[in-house]
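First the structure, in the form of structure tokens, and then the observations on it.
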Amino acid sequence: MKNAAHVCNCSANVTGSAAAVRSEKLQMLEQKLYKAQEELMEFHRKKGEVSFSRIDVNLCLVEYVACTRTNSAVSLDIYVMFLVKL
């Protein structure tokens, strides 16, 4: 009888340590998922910044083209000024 009780206690400990290992793996996977989500958000933020920069450059180009049509001597100075502002 004592041997049977001893075997039951051992299997409970094995099950408990298996649950602990599973819990640690779950925490590790949750941390990896959280880190991947943070990286994805950072990539989206950078993508947005690049998009706005592209819009600014396009606006500068449009203004430069408009200035070259009116006064070519001043237009280069304006274009350089807008590029420095970016």
Beta carbons within 10 angstrom, averaged per residue: use that to sort the peptides 54-67, 32-45, highest first.
-> 54-67, 32-45
Go through segment 49-57 residue by residue and turn each phi into a ³J(HN,Hα) via Karplus (6.51, -1.76, 1.60, θ = phi - 60°); whole Hz please, and just put x for glycine and proline.
-> 4, 5, 4, 5, 5, 5, 4, 4, 5
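FYI, it's all coordinate maths here, none of it is from the lab. Predicted model only: the values in this text are computed from it and were never measured. Every residue, glycine as well, gets a Cβ built from its backbone with ideal geometry; the counts of neighbours run over all protein chains shown.
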